[in-house]
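These notes concern the structure reproduced below.
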Amino acid sequence: MEREQIFHRDPEILGGTPVFVGTRVPVDSLVQHLKHGKRLEEFLDDFPSVRREQAEAFLDLAETELLREDRSAPA
């Protein structure tokens, strides 16, 4: 799934906060749910407008970006 299908920023939606495409759900909501020990299924139940594929793709993208940063950081 392409990044543009997962999330976007629009100054007209929540002041430009990154949200899942097709929703007004901030991507940080997913991060906070997981941070506080909730499962992905609970997030999806709480925010039914977010598709499972979007949430999983966001997590994959976040992991990829973190690993890329880790490899490029000076030792």
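Below, the figures for the structure above:
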item: Cβ-Cβ under 6 Å pairs, at least 6 apart or on other chains, segment 56-75 side more than 24 Å from His33 (Cα to Cα) and at pLDDT 75 or above, far side assigned to a helix (DSSP H, G or I) and not acidic (Asp, Glu); result: none
item: Flag for Ser49 being small (Gly, Ala, Ser), open to solvent by 60 Å² or more (accessible area, probe 1.4 Å) and under 14 Å from the mean Cα position of the chain (by Cα); result: yes
item: Residue match in segment 44-55 (condition: of a type outside the set (Ser, Thr, Tyr) and touching a residue at least 40 places away in the same chain (Cβ under 8 Å)); result: yes
item: Any hit, segment 25-37, residues being part of a loop (DSSP other than H, G, I, E, B), at positive phi and open to solvent by less than 70 Å² (accessible area, probe 1.4 Å); result: yes
item: Single residue of segment 1-22 satisfying the filter (within 15 Å of Leu59 (Cβ to Cβ) and assigned to a loop (DSSP other than H, G, I, E, B)) that is least open to solvent (accessible area, probe 1.4 Å); result: Pro18
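The values are calculated or read from the model by the stated rules, or taken from the named source; none is laboratory data. The model shown is predicted, which means the values in this text are computed figures rather than measured ones. In this analysis, Cβ positions are derived from the backbone assuming ideal geometry, glycine residues included, and neighbour counts consider all displayed protein chains. Just so you know, the surface numbers come from the protein's heavy atoms only, side chains and all, with ligands and any DNA or RNA stripped out. Shrake-Rupley method; radii C 1.70, N 1.55, O 1.52, S 1.80 Å.
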